[in-house]
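Worksheet: the structure to be examined is printed underneath.
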Protein chains: 2
Amino acid sequence: MKTIDVCLTPELIHLYSLKDKTVVIVDILRATSCMVTAFAHGADRIVPFASQEECRLMKTRGYITSGERDGKKVDGFDKGNSPFEYMGTEVTGKKIAFTTTNGTRAIEKSKLAKEVIIGSFLNLSSVIKYLLFSHNNVLVVCAGWKGKVNLEDTLFAGALVEKLKNHIEPDCDAPMAAQHLYNLAKGDMVDYLKNSSHVKRLNRLNIQKDIEFCLTPDRYTVVPRLVNNELIC
Amino acid sequence: MKTIDVCLTPELIHLYSLKDKTVVIVDILRATSCMVTAFAHGADRIVPFASQEECRLMKTRGYITSGERDGKKVDGFDKGNSPFEYMGTEVTGKKIAFTTTNGTRAIEKSKLAKEVIIGSFLNLSSVIKYLLFSHNNVLVVCAGWKGKVNLEDTLFAGALVEKLKNHIEPDCDAPMAAQHLYNLAKGDMVDYLKNSSHVKRLNRLNIQKDIEFCLTPDRYTVVPRLVNNELIC
């Protein structure tokens, strides 16, 4: 049976073998939710950057510059980190350069994997189908918050473990912990997360609507993949 | 209100400020359970070593040499990593040199903390009393398994968060995750952990009796503390 493991933060990625894995990058609030939304609205490609400066330079090459630091839009960038900014004709056919506090770092650190895909609740069932048809073992890489574990990414990892349990076996304790937390939370994830540190942090930014959107399963069917350091769909 | 945070593995310790904290080291299966048992039976002191070689040298200075690698007693050492080896007159008044795969590394990495104490289910209520009377914020450092998160140490961290919740506030998402997992498991921790990776690993070593012992709360009242790189009580 194939296996699924969960790396709860990119700070732990050196403990995992990547080269034989399909890595699922998850940054629910809000990088991977934005990326999935953008592709669902016809974005051509998204190039992730770890640094703001490199990302900013892409403007001169016709890219939309996007991203946040500490949850807030970077000064001078075209777009921030709300999925509602990545809808409609504004992104259709466009190339996007993207940098975030945690999500793009998780992608950067996962580059040596056999394949890298982008997961969020918004494309949950499509990610599950993708993993079922793949021959590789799975590693979910949670973006976390500045290196620390966060609840919302852990819940998404747990959702994958739970929904794949008859086909893909948990490899260690972290996937089991994530699965149990997801089963606790799944009845009302918005309520479950209301005391989490990142949700409290985002509530100060007044984006309750974003949080509810990002926790809604299966709005979209796209599964973005990293190919030659670019996300395509 | 004071705060409590949880470092789920020593690999993440660089993310936490230590100098103003009381750190609780936890390696339920089985290093900190052994240490607490030894002090409850009158051990004079325990000197933790990260390396086997340094630990072995202490034999010439009259120390009992103790510890494991990968769950098994180190060749030539006096004792392994079962709490039943640390009972009775064999340890009373004795100095012990101790090295383990994970637990002694967690101690080594926590040395810069304001104070370091040793926690296990065996001395749970005494650790709680100690933390209530201390003026410091609390950081629970889980030993994990070779850098990865494990369930049994996370459950102990969660027990502290749960039992201190009216007095000490969770600082981030990791303590909340640990608390929720403990509340799921507390009715029958032996049963809850039977599918965890470390318990499966230990079952292959045929030490079910150790596991049940290590998960029993409040057998002892000692709270070992690290003073000048030695654990005393």
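Of the residues making up the stretch A:3-62, those that are without any contact (Cβ under 8 Å) to a residue 24 or more places away in the chain, under 30 Å from B:T9 (Cα atoms) and surrounded by fewer than 22 Cβ atoms within 10 Å (Cβ to Cβ) are A:H14, A:L15, A:S17.
Residues are listed down the side, and each one gets a yes or a no for (1) in contact with a Phe, Trp or Tyr (Cβ under 8 Å, 6 or more places away or on another chain); (2) surrounded by fewer than 21 Cβ atoms within 10 Å (Cβ to Cβ):
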position	(1), (2)
A:K129	no, yes
A:F133	no, yes
A:N136	no, yes
A:Y192	no, no
A:S196	no, no
A:L215	yes, no
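Restricting attention to the stretch B:201-233 and to residues that are assigned to a helix (DSSP H, G or I) and aliphatic (A, V, I, L, M), the residue that is farthest from B:A113 (Cα to Cα) turns out to be B:L202. Could you identify the single residue in A:N183, A:N150, A:N229, A:N166 that is within 30 Å of A:K95 (Cβ to Cβ) and out of contact with any Gly (no Cβ under 6 Å at 6 or more places or on another chain)? It is A:N229. Please find, within the stretch B:152-208, the residue that is nearest to A:T154 (Cα to Cα) out of those that are over 20 Å from the mean Cα position of the chain (by Cα) and among the basic types (K, R). Among residues in the stretch B:152-208 that are over 20 Å from the mean Cα position of the chain (by Cα) and among the basic types (K, R), the one nearest to A:T154 (Cα to Cα) is B:K165. Looking at the stretch A:1-115, the strands (runs of 3 or more DSSP E) lying wholly inside it that each contain 2 or more residues that are away from every other protein chain (no Cβ under 14 Å) and at pLDDT below 95 sit at A:64-69. Considering the stretch A:134-200, the qualifying helices (runs of 4 or more DSSP H), each wholly inside and each with 3 or more residues that are within 13 Å of chain B (Cβ to nearest Cβ) and touching a residue at least 24 places away in the same chain (Cβ under 8 Å), run over A:151-163, A:173-185.
The values are calculated or read from the model by the stated rules, or taken from the named source; none is laboratory data. Fair warning: this is a prediction, and the values are worked out from it, not measured in the lab. Glycine also receives a Cβ, built like all others from the backbone with ideal geometry; neighbour counts cover every protein chain displayed.
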